[in-house]
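The values are calculated or read from the model by the stated rules, or taken from the named source; none is laboratory data. Remember, it's a predicted structure, so these values are computed and weren't measured experimentally. Neighbour counts are summed over all protein chains in view; Cβ atoms, including those assigned to glycine, are modelled from backbone coordinates with ideal geometry. Note: accessible area is taken over every heavy atom of the protein model, side chains too, but ligands, DNA and RNA are not part of it. Shrake-Rupley method; radii C 1.70, N 1.55, O 1.52, S 1.80 Å.
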Amino acid sequence: MGRQAEANSYVPLPVRNGVAPSYLWLTETLAGGMLRFLTERFPDVTRESWAARLQRGEVVDATGKPLQADSHVRQGMRIWYYRELDEPETPIPFKERILFQDQHLLIVDKPHFLPMIPTGRFLHETLLVRLKAQLELPHLVPIHRLDRETAGVVIFSHNPDTRGKYQSMFQKRVVKKVYEALAGPIEGREFPFTYRSRMQDAAQFFVSEEVPGEPNSETLIEVMERRGDVVRYRLHPHTGRKHQLRLHLSSLGAPILNDAFYPVALPCKGDDFSAPLQLLARSISFEDPLSGEMRTFHSERTLDWPE
């Protein structure tokens with residue numbers, strides 16, 4: 001539903017309650033006015049909702065001029081608006097923890113169930129929007145991602161001038177990430193060992209699958225401790241494919257406890273918070289590209305062993 005504002009460009013609407021405005025480039029000239037266009041372009045939003053936003057002056061052009069219901073829809077225009085949800089959000093009853101902040105970075109310990117960024121039915125109940133509202137950092141963006149179901153350490157940049165330096169660390173794969181997971185035992189292997197496979201998006205867009213071919217994913221797997229039929233693993237992903245750790249352990253016959261996607265995608269549990277995925281981004285380490293200092297940040301969270 002449009003794109004969020006770039007930090008280095010002029011933005012005619014301010015951040016509101018932690019929510020940055022979104023924008024949309026118009027690719028053709030259409031008759032019927034702005035209200036008709038918005039209603040047809042975003043069928044999940046009611047006509048009444050768009051009419052109210054236009055009346056409040058919350059849909060503007062690139063200069064900040066409020067658009068009206070009968071404003072012309074012209075090719076090449078860029079319109080700005082706030083993303084809203086028609087249904088109230090369910091509060092996510094888990095809080096993030098700030099581990100570190102300087103003039104460039106914000107390091108956060110994310111809880112389970114909290115999405116990183118606005119998507120789908122989540123807007124205010126996302127880590128990015130919570131942090132923007134709490135800390136008043138309008139240029140805050142994550143420079144890597146964790147799944148909604150995964151907890152642990154994540155890095156944000158809030159300085160557009162130095163953001164590229166930190167983003168390049170991930171592009172160059174010089175960031176060391178360590179995860180922990182609770183899962184069943186992996187049989188027939190000597191630890192530690194490295195697991196490699198070729199991954200791609202599955203027919204169900206929200207999951208990944210393994211296919212024959214040259215490996216494009218790699219994980220080093222260690223055993224930390226075992227209690228009965230449950231093992232705590234230390235995982236070192238050398239690549240960053242979507243759901244890599246979840247798929248790798250599942251493929252080895254040891255899906256992570258409470259994983260609703262692997263080995264089989266289960267029906268959505270909605271707002272059931274009773275069984276968090278037992279996967280934790282335990283630590284992240286890197287050489288700071290500005291100072292040359294080695295930095296390591298650790299999650300303060302723990303995984304929940306089954307009784």
What residue among Val141, Val223, Val153 has the largest mean-square fluctuation in a Gaussian network model of the chain, using Cα springs under 10 Å?
Val223
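Kindly report the accessible area of segment 261-307 per residue (heavy atoms of protein chains, probe 1.4 Å, no ligands, DNA or RNA), in Å². Please list the in-between numbers first.
Working: 2700 Å² over 47 residues.
Accessible area per residue, segment 261-307: 57 Å².
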Of all GluC sites (Glu not before Pro) in segment 1-103, which ones are in loop regions per DSSP and have a Cβ with at most 10 other Cβ atoms within 10 Å?
Glu28
Taking only Cα atoms and a 10 Å spring cutoff, compute GNM fluctuations for the chain and point out the largest among Gln171, Gln101, Gln200.
Gln171
For the chain, share of DSSP beta bridges that run antiparallel, in % to the nearest 5
95 percent
How about segment 200-299: which chymotrypsin sites (Phe, Trp or Tyr not before Pro) there are in a DSSP loop, with at most 16 other Cβ atoms within 10 Å of their Cβ?
Phe205, Phe206, Phe273
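Based only on Cα atoms, what Rg/Rh ratio does the chain have, Rh being taken as Kirkwood's radius? Don't skip to the answer; put the middle values down first.
Details: Rg = 22.0 Å, Rh = 21.6 Å.
Expressed as Rg/Rh, it is 1.02.
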So how far, in whole Å, is the C-alpha centre of segment 273-307 from the one of segment 28-55?
43 Å
